[in-house]
Structure formats: structure tokens, C-alpha cells
Amino acid sequence: MTEHFSLRKIIKSGARAFSLAVPGTAVAAIVLAGLLPAYADRLTDLPHNRDDLTQTDRKRVERVVKPATSFVAAEKFERMQGGAGTSTKLVNRDALSHFNANLSFKQEETFKLGNALFRKLWVSSPSSTLASDGLGPLFNARACQSCHIKDGRGHPPEAAADATSMFLRLARPARNDEERQALETYVTASLPDPVYGGQLQDLAVPGLKAEGRMVIEYREQPFELGDGTLISLRKPSYSVADLGFGPLDPETTLSPRMTPPMTGMGLIEAIHPADILANADPDDNDGDGISGRVALARDPASGKLAIGRFGWKAQNATVRQQTAGAFSGDIGISTPDVPSGHGDCTAGQAECLALPIGVQADLGDTEAPDPVLDLVTFYSQNLAVPARRLVDDAGVLAGKQLFYDLGCTSCHVPKYVTSRAAETEVHRFQLIWPYSDFLLHDMGEGLADGQQVGVANGREWRTPPLWGAGLTRVVNGHTFFLHDGRARNLTEAILWHGGEAETARDGFAALERSERDNLLEFLESL
């Protein structure tokens, strides 16, 4: 028998941090019973034990990751929710844009170079600005910062506002054995529309039509809380207008995506795979109604399967993979990892493919050659998590206890200790508090988009980390939440939870007004 690091067990039961479990295929047979064999077999190839820890380390980790049992005071180090790299700078519009506090002077320089490229406005080809051309030809934004405003949360289009920080993903079912194999082997997470590709681009370079325009219609629906308070939830429906290249495929699904905040991405990447696997319970063997599943993605750097951690459906394994995909899909810029100079243009868009691209032979083979992708990836990995506020406030502590009591921590797992073997030294062996299990959960029909992405089906979403959520209004000037921004505040976001989260939602709805306020105060403190 070997020690198995299981956060789910300690979060749920308060038992000791390490539970005994048999290793290897036996673990898969017990934990993953009922899943498709191909998926289960692939999970057995991932590390199920913390192979980075000494026995001394294990005892330290066991001690610090125990769930809270007392709520009269903050836990030790709770304020520093991003570990040693936590930003303690002033709370203002730049609160999510600081670099990890434990970077070296040289790493700070690298971060700032990446920041400059993150803000860089790309232009269409040909251009006299040789190092900046290559935009599109079809695109959603001209810069990374245009979508990830102040490195924070995007927003749905409101009134005359643009949709730069929100777009539609396009996907369809497989139609032949080759396409099915590509999905089953995770060569791709989804299949694109035959003409419009994997993402609807609402902007285009001069002389080319944009693909179309996202249309959102909201319908208000009431939700009565236990004390009689009426809350109005807005339910969106999506369509596309002004299609530039003919109709969409009849089987293509539309899934809205609001850009998420970039907080702590390198630390998320540094969580040991065993800690994420330990929280998975796909068949709900413990009977608590929560059955999170591990997402799988193919790491382009190694070609190996890895745990998906990034994206609303956890379709990307690494920050670099997420970054390269955004360069291509959002801006139409090629990188060494995604070298197509025409971005998301397809064979059905001949006008797009006929336009020039921005590759400069003397600079490299792509529009954003090395080290551009390296620098933007490093920047994205090292945006600091902000320090908690009011951690010892009585209302915040009361709200934290309710968060535990309602079972919210079953999915929003509070804390981890990152791997000692993390790629970047500043991310190693850090106690962090992201409040996520990074697993896929069925969130009910109300939030369903009907789109399969990798392992995730049309009702499943990755648990988003909550750190930094309380700074959304300060940084971005709004309080829109969830994958499509339908929730206008945290209360609405909670009330949209269904499926596996329905019990926790109903518990929140049944609280007295003062208790709800306390729980919201806790969330605002993150």
C-alpha cells in the first residue's frame, strides 16, 4: 500500500490529509469504474502520487492543507493567497497586473518585455511596421490586452459596447472515423465549422468581410429566495447575424466565452497532477452528489497527454498552449506552436487565404517568432495573485464558514501546495488558495451550451478559481460572472448553479439575508 494525497477526502471529512489507496491500474479500476475504458486507461498513465515530496515534505503538506475547522480567526498565511509571490500593492485598477513578488530582477525584466508584447497592437499586412504586421486576416482583437482588460475579467456586450472580450466558439460532431479518432486521441479538442472554423471572428482586415456578429437576447426569469426576496436572472440565447461567408453548418453549436482573469496561471500550472486527480470522483462513489471529472489535453510541447487546466472547459494543459491558441484564434497571429499565418481562415474562405501574411524571413518562420511566445507565456504565468482583504473580519469569517457548511468547497477546493518540481522556481512548493478543483462538473441544463470540448460534454464546465473575484468591480468596472457574463453579480452567479451544485445553490437560497451578505462578503474578500 502507498500513501495517496487526497484533498477531496480531507475537504469533505476533515480526516487526515493522506488516505491509503492502491496505486496504478487498481486505483483506476476503483475510482474510474463506469467510464469509457479509453479515458480510464489514459488516466492511469498520469501520476497518482506526489513523487516530488520527501517524507518530511508530506508531513508539512498534510498539516497546512487540512480544511478549516475553526472560523474565529483567519488561517495562517491565508492573506497571502498566492504564496510568496502574492501582490500586496494598493488595491486599484492595476491590482491584477503586478508581477509575482518573488521574481528575480532578471525575471522582472522578462515579465515587462512580455507585458509590452501582451499590449502590442498588431496591424494588417503588408505594413511598414515589419515586426507588428500579420493581424488576422480575420480576428476578434488586435492585442491580448484588448480581450483581457487590465488582465482581468471580460464582459458581454452591453448596449452599444463592443464584444471584444467575448466571442462564440464553434464546434460540430465528428462525421467519420478519422474525425472521431482525432477527438478520441485528443489531437484536437473539438471540430470546427467547415467554413467559419473554430471561432466566430467579428472583425477583419481592410478589404475582407468579417465572419458575422454575435447576437444576444436576454429573457428575465424570477428566482424566489427562502425569505421571499425575488431575484431576476437573465437567461441568454445566442445567434449570429450578418454572416459573411454563407450559412453555418446545421450541426454547428454556438458556445459563448467571456475572457477569464489571468490571475495565478503559473501557480495553477504548478499544482501537482496527483492533487487534481485525487479530487476526481466521476461516479460519485462517496455519494455526496459531486462527480468531478479530470479533463485531458495533449501537451503540444511533449506530445503526451496531460491534465487540462485552462479554458472554460479545461481544454488546454499549459499556459503556453492557451497563449498560442489565443494568438491564432483571437488575433490571427502565427507562432511556432500554431504556425498558420492565416489564423482561423478555412478552405471555404478563399478571399481570406489569398491575403498576405506577416511572416518576415529575417525574423523567423512565423508572425510572432521566438521569443515572442516565450515572453508572453512568461508574462501570463507570473501575474501575481492579489492579497486577501479583511481576512479577520467577523462577517467574512462567518461567510467562510457558510461556504464550507454549504458544501461549496467540494468543487471550490480552497488550497494546495504546489509541486517542488514545478518548471519555474518561484512557483515551487507554494501554499496557494485558488478555491478550485480544476475538474469538470455537470452544472445543469440552465448553464448548458450543448458543445462537446475534449472530455467536457455540453453540460460540463471547469470549476473556475475564485481568487481575485472580489476585485472585478475595482479592476474592470463591472460584476459580470460565469462563462458568458449572464450573472450581473455574485448572487446571480450562485443562483445559476445547477446539476452537481444544485444542493449548494438551494442552501444559499435558503439562508437569511444577513447570512447571504456574510457569504458574499467572504467572496468579495478573495
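The values are calculated or read from the model by the stated rules, or taken from the named source; none is laboratory data. A quick note: this is a predicted structure, and the numbers were derived from the prediction, not measured. All Cβ positions, even for glycine, are placed from backbone atoms using ideal geometry, and neighbour counts span all protein chains on display. Side chains included, ligands, DNA and RNA excluded: accessible areas come from the protein's heavy atoms. Shrake-Rupley method; radii C 1.70, N 1.55, O 1.52, S 1.80 Å.
Given (1) assigned to a loop (DSSP other than H, G, I, E, B); (2) within 30 Å of Leu43 (Cβ to Cβ); (3) touching a strand residue (DSSP E or B) at 6+ places or on another chain (Cβ under 9 Å); (4) of a type outside the set (D, E, K, R), identify the lone condition not met by Asn279.
Answer for Asn279: the failing condition is (3).
Are any residues in segment 90-102 touching a residue at least 40 places away in the same chain (Cβ under 8 Å) and assigned to a loop (DSSP other than H, G, I, E, B), and if so, which ones?
Residues of segment 90-102 touching a residue at least 40 places away in the same chain (Cβ under 8 Å): 91-102.
Within segment 90-102, Val91, Asn92, Arg93, Asp94, Ala95, Leu96, Ser97, His98, Asn100, Ala101, Asn102 qualify.
Considering only residues that are acidic (Asp, Glu) and either over 20 Å from the mean Cα position of the chain (by Cα) or within 18 Å of Val453 (Cα to Cα) (or both), which ones fall in segment 151-198? I'd like the intermediate steps shown before the answer.
Let us first name the residues in segment 151-198 that are acidic (Asp, Glu), namely 151, 158, 162, 177-179, 184, 193.
Glu158, Asp162, Asp177, Glu178, Glu179, Glu184, Asp193 - these are the residues of segment 151-198 that are acidic (Asp, Glu) and either over 20 Å from the mean Cα position of the chain (by Cα) or within 18 Å of Val453 (Cα to Cα) (or both).
What's the number of the condition Glu184 fails, among (1) modelled with pLDDT of 95 or more; (2) open to solvent by 30 Å² or more (accessible area, probe 1.4 Å); (3) among the charged types (D, E, K, R)?
That leaves (1) as the condition not met.
In segment 300-331, which residue that is farther than 30 Å from Leu203 by Cα and free of Cβ contacts under 8 Å to residues at least 60 places away in the same chain is most open to solvent (accessible area, probe 1.4 Å)? Full working, then the answer.
Filtering segment 300-331 down to residues farther than 30 Å from Leu203 by Cα leaves 301-307.
Keeping just the survivors that are free of Cβ contacts under 8 Å to residues at least 60 places away in the same chain gives 301-304.
Values: Ala301: 90, Ser302: 65, Gly303: 37, Lys304: 139 Å².
The qualifying residue most open to solvent (accessible area, probe 1.4 Å) is Lys304.
If you take the residues of segment 78-104 that are of a type in the set (A, V, I, L, M) and crowded, with 21+ Cβ neighbours inside 10 Å, which of them is nearest to Leu390 (Cα to Cα)?
In the first step, residues of segment 78-104 are kept if they are of a type in the set (A, V, I, L, M); the result is 80, 84, 90-91, 95-96, 101, 103.
Now drop any that are not crowded, with 21+ Cβ neighbours inside 10 Å, which leaves 80, 95-96.
Details: Met80: 12, Ala95: 16, Leu96: 18 Å.
If we take residues in segment 78-104 being of a type in the set (A, V, I, L, M) and crowded, with 21+ Cβ neighbours inside 10 Å, then Met80 is nearest to Leu390 (Cα to Cα).
From the list Asp405, Asp437, Asp449, exactly one residue is open to solvent by 20 Å² or more (accessible area, probe 1.4 Å), under 23 Å from Ala504 (Cβ atoms) and in contact with a helix residue (DSSP H, G or I) (Cβ under 9 Å, 6 or more places away or on another chain). Which is it? Before you say what the answer is, go through the steps one by one.
Details: Asp437 fails: open to solvent by 20 Å² or more (accessible area, probe 1.4 Å); Asp449 fails: in contact with a helix residue (DSSP H, G or I) (Cβ under 9 Å, 6 or more places away or on another chain).
The conditions single out Asp405.
Give segment 227-245 a look and list any residue that's surrounded by fewer than 12 Cβ atoms within 10 Å (Cβ to Cβ) and closer than 14 Å to Ala210 by Cβ, or say none.
Residues satisfying the conditions are Ala241, Asp242.
From the list Asp370, Asp374, which one is open to solvent by 30 Å² or more (accessible area, probe 1.4 Å) and either outside any loop (DSSP other than H, G, I, E, B) or touching a His at 6+ places or on another chain (Cβ under 6 Å) (or both)? Steps first, please.
Details: Asp370 fails: either outside any loop (DSSP other than H, G, I, E, B) or touching a His at 6+ places or on another chain (Cβ under 6 Å) (or both).
From the options Asp370, Asp374, the qualifying one is Asp374.
Within segment 204-226, can you find the residues that are exposed (fewer than 12 other Cβ atoms within 10 Å of the Cβ) and more than 19 Å from Gly136 (Cα to Cα)?
Our first condition is that a residue be exposed (fewer than 12 other Cβ atoms within 10 Å of the Cβ); within segment 204-226, this holds for 206-207, 217, 219-222, 224.
Glu217, Arg219, Glu220, Gln221, Pro222, Glu224, listed by residue number.
Pairs, please: C-beta under 7 Å, at least 6 apart or cross-chain, first residue surrounded by fewer than 19 Cβ atoms within 10 Å (Cβ to Cβ) and in segment 487-499, second among the aromatic types (Phe, Trp, Tyr) and assigned to a loop (DSSP other than H, G, I, E, B)?
Cβ pairs passing all conditions: Arg488/Phe480.
How many residues are within 16 Å of Leu482 (Cα to Cα) and open to solvent by less than 30 Å² (accessible area, probe 1.4 Å) if we restrict to segment 164-181? Please lay out each step first, then the result.
Within segment 164-181, the first condition is being within 16 Å of Leu482 (Cα to Cα), and the residues that meet it are 165-169.
Subsequent filtering for residues that are open to solvent by less than 30 Å² (accessible area, probe 1.4 Å) retains 165-168.
Within segment 164-181, residues that are within 16 Å of Leu482 (Cα to Cα) and open to solvent by less than 30 Å² (accessible area, probe 1.4 Å) number 4.
Keeping to segment 46-77, report how many residues are β-branched (Val, Ile, Thr), in a helix (DSSP H, G or I) and closer than 20 Å to Pro273 by Cβ.
Here is the first cut: in segment 46-77, the ones β-branched (Val, Ile, Thr) are 54, 56, 61, 64-65, 69, 72.
Adding the requirement that they be in a helix (DSSP H, G or I) leaves 56, 61, 64.
After this cut, where a residue has to be closer than 20 Å to Pro273 by Cβ as well, the list is 61, 64.
Residues flagged as β-branched (Val, Ile, Thr), in a helix (DSSP H, G or I) and closer than 20 Å to Pro273 by Cβ within segment 46-77 amount to 2.
Might you check whether a residue that is farther than 30 Å from Arg428 by Cβ, assigned to a loop (DSSP other than H, G, I, E, B) and touching a strand residue (DSSP E or B) at 6+ places or on another chain (Cβ under 8 Å) occurs anywhere in segment 106-124?
yes
Got at least one residue in segment 127-145 being touching a Lys or Arg at 6+ places or on another chain (Cβ under 7 Å), modelled with pLDDT of 95 or more, surrounded by fewer than 19 Cβ atoms within 10 Å (Cβ to Cβ) and farther than 16 Å from Ile331 by Cα?
Looking for residues that are touching a Lys or Arg at 6+ places or on another chain (Cβ under 7 Å), modelled with pLDDT of 95 or more, surrounded by fewer than 19 Cβ atoms within 10 Å (Cβ to Cβ) and farther than 16 Å from Ile331 by Cα, one finds none in segment 127-145, hence no.
Considering every residue within segment 193-203, establish whether at least one is open to solvent by 40 Å² or more (accessible area, probe 1.4 Å), in contact (Cβ under 8 Å) with a residue 12 or more places away in the chain and not in a strand (DSSP E or B). Steps first, answer last, please.
Narrowing segment 193-203 to residues open to solvent by 40 Å² or more (accessible area, probe 1.4 Å): 194, 202-203.
Those still in the list that are in contact (Cβ under 8 Å) with a residue 12 or more places away in the chain too: 194, 202-203.
When the remaining residues are screened for being not in a strand (DSSP E or B), the result is 194, 202.
For segment 193-203, residues open to solvent by 40 Å² or more (accessible area, probe 1.4 Å), in contact (Cβ under 8 Å) with a residue 12 or more places away in the chain and not in a strand (DSSP E or B): present.
Could you go through segment 66-82 and let me know if any residue there is closer than 27 Å to Arg153 by Cα, in contact (Cβ under 8 Å) with a residue 40 or more places away in the chain and charged (D, E, K, R).
Looking for residues that are closer than 27 Å to Arg153 by Cα, in contact (Cβ under 8 Å) with a residue 40 or more places away in the chain and charged (D, E, K, R), one finds at least one in segment 66-82, hence yes.
Identify all residues within segment 283-299 that are part of a loop (DSSP other than H, G, I, E, B) and either open to solvent by 20 Å² or more (accessible area, probe 1.4 Å) or among the aliphatic types (A, V, I, L, M) (or both); write none if there are none.
Narrowing segment 283-299 to residues part of a loop (DSSP other than H, G, I, E, B): 283-292, 294-295, 299.
Within segment 283-299, Asp283, Asp284, Asn285, Asp286, Gly287, Asp288, Gly289, Ile290, Ser291, Val294, Ala295, Asp299 qualify.
Any residue that is touching a Lys or Arg at 6+ places or on another chain (Cβ under 6 Å), open to solvent by 20 Å² or more (accessible area, probe 1.4 Å) and among the charged types (D, E, K, R) - is there at least one of those in segment 464-482?
Step one: list which residues in segment 464-482 are touching a Lys or Arg at 6+ places or on another chain (Cβ under 6 Å), which gives 472, 475-476, 479.
In the following step, the residues that additionally are open to solvent by 20 Å² or more (accessible area, probe 1.4 Å) were identified as 476, 479.
Now narrow it down to the ones that are among the charged types (D, E, K, R): none.
Within segment 464-482 (the criterion being touching a Lys or Arg at 6+ places or on another chain (Cβ under 6 Å), open to solvent by 20 Å² or more (accessible area, probe 1.4 Å) and among the charged types (D, E, K, R)), the answer is no, since none of the residues qualifies.
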